[in-house]
Amino acid sequence: NIMTASTVFTIALLLNMIKFPINEAGVLLSKAALGVQAMHRISMFMKREVNDAHAVSTNDVTTKQVLQVNGTFLIGRRLGDPTNNSDEVATASFTLSGIDFRVNRGEVVAVVGSVASGKSTLLQGVLGDVDQADGTTVARDDNVAYASQTPFVLSATVRQNILFGSPF
């Protein structure tokens with residue numbers, strides 16, 4: 001086999017054509033892994049149990065109050081534990097207990113504390129996202145806003161993160 005200029009240029013052209021797909025294969029695999037992980041999270045969210053026994057009441061607050069909380073919130077209760085367990089607080093890995101407060105209309109409230117002291121658990125409990133011990137009551141007005149502490153940042157420039165596709 002004799003290597004001619006046309007054979008060398010043809011091979012070089014073919015190798016140059018497949019260079020891009022080979023380089024992008026790693027990016028494709030990482031995007032596919034992120035997609036699988038996102039689908040798993042969505043699946044777990046959709047499969048979670050809806051607990052109507054401790055639903056947040058929206059009509060038990062007075063016209064002066066926006067929020068009223070009294071009770072205990074439970075995190076990490078073992079799966080399979082019955083909800084009527086008399087010792088449900090002991091089966092939870094973390095409890096936020098002794099909560100008793102009211103927020104009146106027009107008040108501004110700041111929840112402050114050290115790391116892992118239960119600030120997020122308190123807010124999730126007010127929203128009805130965590131388990132409540134029996135006897136816990138949460139009553140809130142329908143017009144309560146919540147801004148999560150989890151940031152949403154695009155893998156883009158600072159300008160694109162601020163504008164989200166809007167013209168500058």
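Here's how it looks for Thr136: its modeled amide H is under 5 Å from those of Thr72, which are all 5 or more places away or on a different chain. To the nearest 10, the accessible area of Leu15 is 110 Å² with a 1.4 Å probe. Between Leu29 and Ala110, the simple label model (points 7 Å from Cα in the Cβ direction) yields a spacing of 4.9 nm.
The values are calculated or read from the model by the stated rules, or taken from the named source; none is laboratory data. Just so you know, these numbers come straight off a predicted model, no measurement behind them. We place every Cβ from the backbone using ideal geometry, glycine too, and count neighbours over all the protein chains shown. Heads up: the accessible areas ignore ligands, DNA and RNA and are worked out on the full protein's heavy atoms, side chains in. Shrake-Rupley method; radii C 1.70, N 1.55, O 1.52, S 1.80 Å.
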